[in-house]
Amino acid sequence: MHCRHFAALAVGLLAVAGTSDAFAQAYPSKPITMVVPWPAGGSTDIVMRAISEAAAKNLGQPIVTDNKPGASGTLGPAVVAATGKPDGYTLAQIPITVMRLPLMQKTAWDAAKDFTYIVHLTGYTFGITAKGDGQFKTWQEVVAYAKANPGKVTYATPGAGTSLHIGMEQIAAHSGIQLTHVPFKGGAETNAAVLGGHTTLQADSTGWKPLVDAGQLRLLAIWTGERSKNWPDAPTLKELGYPFVFDSPFGIAGPKGMDPAVVQKLHDAFKKAIEDPAVIGMMAKYDMVPRYIDTVGYRKAVEEFIATEKVALEKIGLAKKE
């Protein structure tokens with residue numbers, strides 16, 4: 001009896017494994033949805049579309065972009081975690097806020113448990129801009145003004161808890177100044193805020209590029225480790241005396257429980273995509289560079305980020321109270 005039962009169980013397990021293998025081999029057999037948690041037309045959206053298009057060629061199925069902006073880039077991934085099937089047909093760009101927000105407030109997802117991390121792709125170039133014809137020509141002038149007028153300097157970011165918000169608060173704390181944060185949904189809105197004089201400054205990724213190049217905005221500081229080839233006159237935070245480099249790297253993930261063979265296929269397709277000269281060219285236009293990390297490394301990087309970020313948030317008083 002036991003032998004028969006065991007044999008039946010083994011056949012059952014083989015059938016399941018066979019189904020899984022067959023599914024992975026046939027995958028993808030229909031279009032894939034890529035949730036981009038930022039507004040259409042921003043630097044992340046444009047670059048993600050280029051990456052998805054190249055990956056789609058490698059997979060033999062189209063990848064359709066679904067913009068779901070809101071909640072500092074976490075709305076889209078939260079929807080994917082809550083309602084997405086782990087079949088490889090619903091993916092999301094994963095900004096660092098997905099890992100950070102649960103450390104700051106109660107969220108519906110757990111960054112360590114509710115996603116299948118697939119591949120790490122790239123990071124951003126962030127910068128602080130002011131109005132081109134405004135009063136501030138250098139970051140040092142902003143600091144001096146903020147010291148004399150606490151809280152009067154306002155800055156726009158693409159949302160509370162984003163790397164831009166946390167970065168600005170760390171810069172302010174290091175300078176001993178008080179700045180006032182004004183959150184928006186993405187780059188188009190932060191551009192409009194500083195251009196229209198609704199905020200003094202903007203802290204954002206390179207969606208400000210055309211406006212800086214045209215002289216409508218002035219780039220006061222850049223947050224990368226080295227000066228940018230695109231804006232060689234803009235000093236880095238380190239050159240300004242801050243011990244910081246912020247580039248908010250991102251990758252893609254799906255809902256938890258995805259088939260490892262499907263994850264491998266997606267990993268390979270997206271790795272190839274960020275090696276594509278056309279994609280590298282598009283990324284360079286927005287001052288992004290490929291930063292490939294494989295599936296295992298990406299998962300490990302997520303765990304490390306959660307641990308280090310917890311410490312940073314506690315230091316500036318933004319960690320949630322347990």
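Under 5 Å from the amide H of residue 126 lie the amide H atoms of 223, 224, each residue being 5 or more positions distant or on a separate chain, with H modelled from the backbone and absent for Pro and chain starts.
Partners of residue 300 within straight-line reach, counting lysines whose Cα lies under 17 Å from its Cα and excluding those fewer than 8 residues away in the same chain: 113, 256, 310.
When peptides 209-219, 185-195 are sorted by average Cβ neighbour count within 10 Å, with the highest value leading, the order is 185-195, 209-219. Computed over the Cα atoms of region 47-172, pair by distinct pair, the Kirkwood hydrodynamic radius stands at 17.4 angstrom. As a quick test, which of the pairs 229/271; 57/85; 265/321; 57/229 have an alpha carbon distance above 29 angstrom in this structure? From 229/271; 57/85; 265/321; 57/229, over 29 Å: 265/321; 57/229. Nearest 5 is fine: what % of DSSP beta bridges in the chain come out antiparallel, could you say? Rounded to the nearest five, the antiparallel share is 60 percent. Close amide-amide hydrogen proximity is noted between residue 38 and 68, each under 5 Å apart and 5 or more residues distant or on a separate chain (H modeled in the peptide plane; Pro and chain starts excluded).
Proximity of backbone amide H atoms, modeled 1.01 Å from N, is registered between residue 201 and 154, 155, 156 at under 5 Å, excluding neighbours fewer than 5 places apart on the same chain. Backbone phi angles across region 172-181, fed through the Karplus curve with coefficients 6.51, -1.76 and 1.60 (θ = phi - 60°), yield HN-Hα couplings of 4, 4, 5, 8, x, 10, 10, 10, 10, 7 Hz in residue order; Gly and Pro are listed as x. If you take the alpha carbon atoms of region 109-152 and fit the smallest convex hull around them, that volume is 168 Å³ per residue. Summary of packing: across the peptides 304-314, 35-45, the per-residue average of other C-beta atoms within 10 Å ranks them, highest first, as 35-45, 304-314.
If the chain linking residue 58 and residue 304 were pulled fully straight, counting 0.36 nm for each residue of separation and taking away their Cα-Cα distance, it would gain 85.5 nm.
Over the chain, what is the relative contact order in percent, taking alpha-carbon pairs closer than 8 angstrom and at least six residues apart? Kindly include the intermediate steps, with their values, before the conclusion.
Numbers: 609 pairs, mean separation 85.3, N = 322.
Worked out over the chain, it gives 26 percent.
Look at the alpha carbon pairs under 8 Å that are at least 6 residues apart: their mean separation over the length of region 186-309 gives a relative contact order of 15 percent. Karplus-derived 3J(HN,Hα) values for region 153-158, using 6.51 cos²θ - 1.76 cosθ + 1.60 with θ = phi - 60°, are 7, 9, 9, 8, 9, x Hz; glycine and proline are entered as x.
Pop out the carbon and sulfur fraction of the accessible area of region 251-322 as a percent, whole number, probe 1.4 Å.
Numbers: 2400 of 3960 Å².
C and S fraction of accessible area: 61 percent.
For region 222-236, backbone phi angles converted through the Karplus equation (6.51, -1.76, 1.60; θ = phi - 60°) give residue-by-residue couplings of 10, 9, 7, x, 10, 5, 7, 5, 6, 9, x, 7, 7, x, 7 Hz, Gly and Pro being listed as x.
How much area per residue is accessible in the chain when the probe is 1.4 Å and only protein heavy atoms are counted (Å²)? Can you show the working numbers first?
Values: 14660 Å² over 322 residues.
With the other protein chains kept in place, the chain gives 46 Å² per residue.
Evaluated at q = 0.08 Å⁻¹, a Debye calculation over the C-alpha positions of the chain (equal weights, vacuum) places log10 I(q)/I(0) at -0.40.
The values are calculated or read from the model by the stated rules, or taken from the named source; none is laboratory data. Small disclaimer: the values here were computed from a predicted structure and weren't measured. Every residue, glycine as well, gets a Cβ built from its backbone with ideal geometry; the counts of neighbours run over all protein chains shown. Ligands, DNA and RNA are excluded from the accessible area calculation, which covers all protein heavy atoms including side chains. Shrake-Rupley method; radii C 1.70, N 1.55, O 1.52, S 1.80 Å.
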